[in-house]
1. Arranged from highest to lowest average of other beta-carbon atoms within 10 Å per residue, in what order do the peptides 114-120, 140-146, 97-103 appear?
2. Using the beta-carbon distance between LYS63 and LYS34 and R0 = 41 Å, what value does 1/(1 + (r/R0)^6) give for FRET efficiency, to the nearest 0.05?
3. Add +1 for every Lys or Arg and -1 for every Asp or Glu among the other residues with Cβ under 14 Å from the Cβ of GLU102, and state the total.
4. Please report the net charge: other residues with Cβ closer than 12 Å to the Cβ of SER148, K and R +1, D and E -1.
5. Classify segment 51-159 from the C-alpha gyration tensor, please: rounded if a/c falls under 1.5, else prolate or oblate depending on whether a/b exceeds b/c.
6. FRET efficiency for GLU72 and LYS101, Cβ-Cβ distance as r, R0 = 22 Å, nearest 0.05?
7. Net charge near ASN58: determine it from the other residues with C-beta under 12 Å of the C-beta of ASN58, scoring Lys and Arg +1 and Asp and Glu -1.
8. Using a Förster radius of 25 Å, what is the FRET efficiency between LYS44 and THR127 based on their Cβ-Cβ separation? Nearest 0.05, please.
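Only the coordinates and a few stated rules stand behind these numbers; no lab work does. Here the structure is a predicted model, which means the values were calculated and not measured. We place every Cβ from the backbone using ideal geometry, glycine too, and count neighbours over all the protein chains shown.
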Amino acid sequence: MATTTTTLRRKGIPNVYNHWQKQRDVITHNDILKAFVKGKEAGKTEQQRVNQSLFDKNLEKAKAVCENIFQELSEANINLKAIHLKADAITNFYALFISKKEDFLKDDFRNAFIVARKYKNQIEDSTFFISFTFTPDSESLDENCLTSDGFFIKYNGEK
C-alpha cells in the first residue's frame, strides 16, 4: 500500500485514501457472504427434500414390484419364504428372494427368473433400477448378516 501511495504522489495524484468513509445501511461483503451461505443451506435443504421424496417413491416401487413377483410365483406354485430389500442408492435397489430349498431345485424354478426379468423390464427407468437375486433357504443363511449387508426391510408374504 505504501508503494502505491508513493507512486501516486510522484505522478501528482493527491492522497485520497483518508477521504473514504464507510456508508451506513449498505450491503457489505460480509452480508453477501452470509446470504450466500444461507442460500446454499436452503438449497441443500431443498435438495435433501427432493432426494428423500425420490427415495420414498422408489422404495414404494421396489416393494410393490417385489410383492407382485412374490404373488405371481406363489400362484405358479413356487414357494418363497421371504424377500429382503436393500437400497444401494436413491435410485438403486436389490431384492433377495429366499425360496424353499425343494422349490429352488425344481426345473420350474427357472420361471422365477423369467417373471423377475419381465417385471424388471417394465418398471426400470432413468430414476429407478432394481436387481433380483434368488437363493434357497438354508441353515447357514443368517438374517443378521443380511441386515449388516444393508438389507433393511423384509417381506414374508403377510400384509
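1. Working: 114-120: 15.0, 140-146: 10.9, 97-103: 17.3.
Top to bottom by mean Cβ count within 10 Å: 97-103, 114-120, 140-146.
2. After rounding, the FRET efficiency stands at 0.40.
3. Working: positive: LYS81, LYS100, LYS101, LYS106; negative: ASP103, ASP107, ASP108, ASP137.
Residues close to GLU102 contribute a combined charge of 0.
4. Numbers: positive: LYS86; negative: ASP142, GLU143, ASP149.
Once all neighbours under 12 Å are counted, the net charge is -2.
5. On the way: a/c = 2.09, a/b = 1.35, b/c = 1.55.
Oblate, because a/c is 1.5 or more while a/b does not exceed b/c.
6. Numbers: r = 21 Å, r/R0 = 0.94.
The value I calculate is 0.60.
7. Working: positive: LYS57, LYS61, LYS63; negative: ASP56, GLU60, ASP88, GLU124, ASP125.
Local net charge: -2.
8. Efficiency at R0 = 25 Å is approximately 0.75.
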